[in-house]
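All remarks here apply to the structure that follows.
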Amino acid sequence: MHHPDDFPDAWLRGKERKLLDLYLPAAEKSGLGFEFVPARELVPAVGRRPHLYRSERDLLEERGCFLLEQTSADPQAAQFLGAIYEVVAASDSVLVNRTTTDLEFLERDKLAIADRAGALGVPHLPTLVVPPGRHAQRVLRHLPLLGDGPWLLKPREMSMGRAVLRFSSEEELRSGLDLVAQSGSSYVLQPYLVNEGDLRVYLIDGVVSGAQLRRPAAGGLLANTSRGGHVSTFDVPAELGDWCRRITDSLGARYLCVDWLVTGTGFVLNEWCTTLGGFSFLPSPQREERADALFAFIAREIERAESPLRQTVTA
């Protein structure tokens with residue numbers, strides 16, 4: 001489930017076709033189906049139980065499994081996605097974005113991610129939250145926490161590299177703060193670290209399932225594949241695998257994608273997520289292996305959700 005109005009129609013149609021070609025065969029191998037559902041077609045509700053209506057059909061009437069895009073550039077749409085999240089999480093269906101035991105877990109919040117990583121002793125980016133509106137410039141007095149620059153200004157809750165800006169001087173940064181002060185969204189400020197790319201590690205049930213290294217296009221800033229980044233496979237070293245497992249153990253996460261900056265002095269945590277995973281750009285057979293592993297996991301999650309019901313009926 002996603003909010004398609006954030007993207008150009010032609011780009012979105014191409015993206016959906018590419019993912020359907022990959023995910024449908026993987027889903028069928030695990031006895032499942034797969035479809036995209038635009039959030040604008042849904043109406044979340046609560047009666048005697050949670051409901052998620054798509055026209056006359058209640059998607060929560062039978063147990064299913066949902067992957068939900070949780071961010072939007074439109075604040076109202078972002079809150080609406082949150083309502084979908086809540087009704088699915090409260091139902092007996094499976095929400096892959098909620099395969100954690102940590103009730104405080106916020107994958108969208110870059111401040112919460114940095115805070116949790118610091119508590120775990122995992123290398124991470126120091127982070128400043130920009131105060132709202134006319135108070136935004138107050139963040140400048142705390143720039144020494146982030147070093148001498150450059151700095152990255154990015155939405156606190158956003159994905160796919162959207163609205164990320166880099167500044168090399170305090171003068172430039174002041175102008176950027178003037179802009180985000182009018183945006184209606186919360187922003188964070190982090191140091192820009194020179195890096196070889198962004199490494200995404202996939203973990204299923206606490207085990208490293210694979211990894212991909214994403215590099216920016218020539219002269220580019222962002223490694224996101226949606227922003228023109230290039231992808232290659234990567235073997236995860238033991239120390240990095242240990243850090244990833246430390247994170248999943250802390251969150252109780254059964255499925256997690258953990259993103260690391262590959263710097264000259266080692267790996268630094270960037271963020272984590274539980275969405276589709278962005279592995280459609282991997283070469284074969286790794287691309288199909290990741291898709292098969294994801295849907296096999298989803299099938300196990302549905303089986304896991306049904307097990308307590310069976311036990312109750314048997315008793």
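None of the figures in this text is laboratory data; all of them are computed from the coordinates on show. None of these values were measured; they are calculated from a predicted model. Because the Cβ atoms are built from the backbone with ideal geometry, glycine has one as well, and the counts that use them run over all protein chains shown.
Anisotropy class assigned to the range 4-98 is oblate, per the alpha carbon gyration tensor with a/c at or over the 1.5 cut-off and a/b no larger than b/c. Model label sites at residue 101 and residue 115, defined 7 Å from Cα along the beta-carbon direction, differ in position by 2.2 nm.
Rounded to the nearest Hz, the phi-derived 3J(HN,Hα) couplings of the range 164-173 under the Karplus curve 6.51 cos²θ - 1.76 cosθ + 1.60 (θ = phi - 60°) are 8, 10, 10, 10, 9, 9, 5, 4, 4, 4, where x marks glycine and proline. Proximity of backbone amide H atoms, modeled 1.01 Å from N, is registered between residue 3 and 39 at under 5 Å, excluding neighbours fewer than 5 places apart on the same chain.
Rounded to the nearest Hz, the phi-derived 3J(HN,Hα) couplings of the range 49-59 under the Karplus curve 6.51 cos²θ - 1.76 cosθ + 1.60 (θ = phi - 60°) are 8, x, 10, 9, 8, 10, 6, 8, 8, 9, 5, where x marks glycine and proline.
Each of residue 165 and residue 43 was given a label point 7 Å from its Cα along the Cα-to-Cβ line. The distance between the two points is 4.0 nm.
Run lengths n ≥ 4 of DSSP H only: what is the helix-derived mean residue ellipticity at 222 nm for the chain, with -39500 (n - 2.57) per run over all residues, to the nearest 500? That calculation yields -11000 deg cm²/dmol at 222 nm.
Label separation (residue 148 vs residue 35): 5.8 nm, computed from points 7 Å beyond Cα along the C-beta direction.
Taking amide H positions as modeled 1.01 Å from N, with prolines and chain starts lacking one, the residues under 5 Å from residue 51 and 5 or more places away or on another chain are 45, 46. Each residue of the range 126-134 is assigned a 3J(HN,Hα), and the resulting list reads x, 9, 10, 8, 6, x, x, x, 5 Hz, derived from the Karplus form 6.51 cos²θ - 1.76 cosθ + 1.60 (θ = phi - 60°), x at Gly and Pro.
Here the relative contact order of the range 128-191, from alpha carbon pairs under 8 Å that lie six or more residues apart, stands at 46 percent.
Between residue 249 and residue 137, the contour length at 0.36 nm per residue exceeds the Cα-Cα span by 36.5 nm. The packing ranking of peptides 293-300, 173-180, highest mean first, is 293-300, 173-180, where packing means the average number of other beta carbon atoms within 10 angstrom of each residue. Magnitude of the charge dipole for the range 227-311, about its Cα centre and with charges confined to Cβ atoms of Lys, Arg (+1) and Asp, Glu (-1), is about 160 debye. Oblate is the label for the range 128-191. Its Cα gyration tensor axes, ordered a ≥ b ≥ c, give a/c of at least 1.5 and b/c at or above a/b. With N the number of residues in the chain, Rg(Cα) / (2.2 N^0.38 Å) evaluates to 1.03. With contacts taken as Cα pairs under 8 Å and at least 6 residues apart, the chain reaches a relative contact order of 18 percent. Working from Cα pairs under 8 Å separated by at least six residues, relative contact order for the range 91-162 is 27 percent.
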